[in-house]
Amino acid sequence: MAVPRPLTFENLNNFPGLVHGVFSRAGGYSKGPFLGLNVGLSTGDDPDIVNRNRIRMLSSLDLPRVLFLNQVHGTDIAVIKSEKDAAGAVFKGQGTAPSKIFKADAAVTNLKNLGLVIQVADCQAVILYDPEKEVIANVHAGWRGSVADIIGRCIDTMVTQFGCTPATIRAGISPSLGPCCAQFINYEHEISRALWQYKEKDRPYFDFWQISRDQLGAQGVLDEHIETMGLCTRCHTDLFYSFRANKVTGRFAAVIALKT
Ligand SMILES: [Zn+2]
């Protein structure tokens with residue numbers, strides 16, 4: 001089996017001490033509708049196999065530990081400033097299941113050798129890095145997160161809790177539901193009016209990639225520091241899990257970590 005090799009963002013590749021990547025389905029143990037590197041435990045897949053996939057993910061990035069979140073499409077952000085904050089919540093591999101899990105849709109840390117994981121299957125993972133303050137974040141932004149501006153809230157947390165400057169922050173937007181497939185028939189009830197400008201003129205299709213870019217920009221992140229992979233998950237189910245394409249499916253992972 002091929003060793004999982006994550007996709008990376010060009011604008012994050014040349015920072016020594018930074019490790020990141022978005023894992024495709026390639027190189028995992030899961031079978032059937034979960035085929036590949038499924039890291040989602042609440043998908044219906046065999047938990048032992050998911051754990052083996054998670055361990056493969058860790059070893060391919062040469063990371064000792066990562067933090068998974070209980071993602072609930074909310075606005076809570078896990079702020080990890082000390083080893084005490086992280087204690088009990090980290091996944092290190094076999095035999096050391098975390099005793100707690102943060103119910104949150106973003107995580108921010110300045111700790112070294114701790115990967116932040118976001119699991120997605122159409123939603124965006126938005127990874128953030130401030131190279132001056134050496135602070136990283138990972139955000140889960142589905143449509144509910146876009147409506148609630150979880151991205152803006154996370155940048156604000158980086159600024160207020162860690163002293164980051166938005167103009168230095170780099171951002172990468174993972175493969176996710178593209179403007180080709182982001183159809184919201186009930187948008188009048190689901191999507192706030194402020195975001196209707198991102199809808200196609202004659203069809204209820206939205207450009208969530210541009211929404212995220214603009215939400216980052218509104219916080220002061222420079223446009224040239226934002227990179228979108230531009231791959232639609234629903235159009236590329238050979239590469240990624242897509243909830244819209246297949247209701248029973250896995251989750252792929254986006255990871256960022258500071259290494260010593
Ligand atoms: Zn598409």
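A DSSP coil position with no more than 12 other Cβ atoms inside 10 Å describes the following trypsin sites (Lys or Arg not before Pro) in the stretch 125-201: LYS201. Calculated accessible area for the chain comes out at 43 Å² per residue, all protein chains present (probe 1.4 Å; ligands, DNA, RNA ignored). The alpha carbons of the chain stretch over 53, 46, 32 Å along the principal axes, in descending order.
Rank HIS140, HIS236 by accessible area, highest first, at a 1.4 Å probe radius? The partial results should precede the final answer.
On the way: HIS140 10, HIS236 60 Å².
I get HIS236, HIS140, largest accessible area first.
Equivalent-ellipsoid semi-axes for the stretch 131-170 (Cα gyration tensor, √(5λ), whole Å, largest first): 20, 9, 8.
For the chain, set up a Gaussian network in which alpha carbons nearer than 10 Å are linked by springs, and say which option among ILE150, ILE127, ILE191 fluctuates the most. Top of the fluctuation ranking is ILE191. Once backbone amide H atoms are built at 1.01 Å from N, GLY115 has ARG65, VAL66, LEU67 as its partners under 5 Å, excluding neighbours fewer than 5 places away on the same chain.
What does the convex hull of the alpha-carbon atoms of the stretch 132-260 project to on average, in nm²? Working shown, then result.
Numbers: hull surface 36.4 nm².
Hull-based average projected area comes out at 9.1 nm².
Take LYS103: with every protein chain present and a 1.4 Å probe, its accessible area is about 130 Å². For the chain, what relative contact order do you get, as a whole percent, if you take Cα pairs closer than 8 Å and at least 6 residues apart? Dividing the mean separation by the residue count of the chain yields 25 percent.
Once Rh for the stretch 1-125 is found with the Kirkwood sum over Cα pairs, what is the Stokes-Einstein diffusion coefficient at 25 °C and 0.890 mPa s, in µm²/s?
Numbers: Rh = 15.2 Å.
Taking Rh from Cα pairs, D becomes 161 µm²/s.
For the pair the stretch 143-187 / the stretch 41-88, the C-alpha centres are spaced 20 Å from each other.
Pairs spanning more than 21 Å between alpha-carbon atoms, out of LYS92/LYS112; LYS103/LYS199; LYS100/LYS247; LYS201/LYS247; LYS92/LYS259: LYS103/LYS199; LYS100/LYS247; LYS201/LYS247.
With the Kirkwood sum run over all distinct C-alpha pairs, the stretch 73-214 has a hydrodynamic radius of 16.2 Å.
The packing ranking, built from the mean of other Cβ atoms within 10 Å per residue, places the peptides 250-259, 63-72 in the order 250-259, 63-72, highest first. Note on the chain: helix-only mean residue ellipticity at 222 nm, from DSSP H runs of 4+ residues weighted -39500 (n - 2.57) and normalised by residue number, equals -5500 deg cm²/dmol. Both radii are taken from the alpha-carbon atoms of the stretch 164-208; with Rh as the Kirkwood radius, Rg/Rh is 1.11.
Sparse packing (at most 15 other Cβ atoms within 10 Å of the Cβ) combined with a DSSP loop state is found for the following GluC sites (Glu not before Pro) in the stretch 183-246: GLU200.
The values are calculated or read from the model by the stated rules, or taken from the named source; none is laboratory data. From a predicted model like this one, the values you see are computed outputs, not experimental measurements. When we count neighbours, we look across all protein chains shown, and the Cβ atoms used for this are built from the backbone with ideal geometry, even at glycine. With ligands, DNA and RNA removed, areas are computed over all heavy atoms of the protein, side chains included. Shrake-Rupley method; radii C 1.70, N 1.55, O 1.52, S 1.80 Å.
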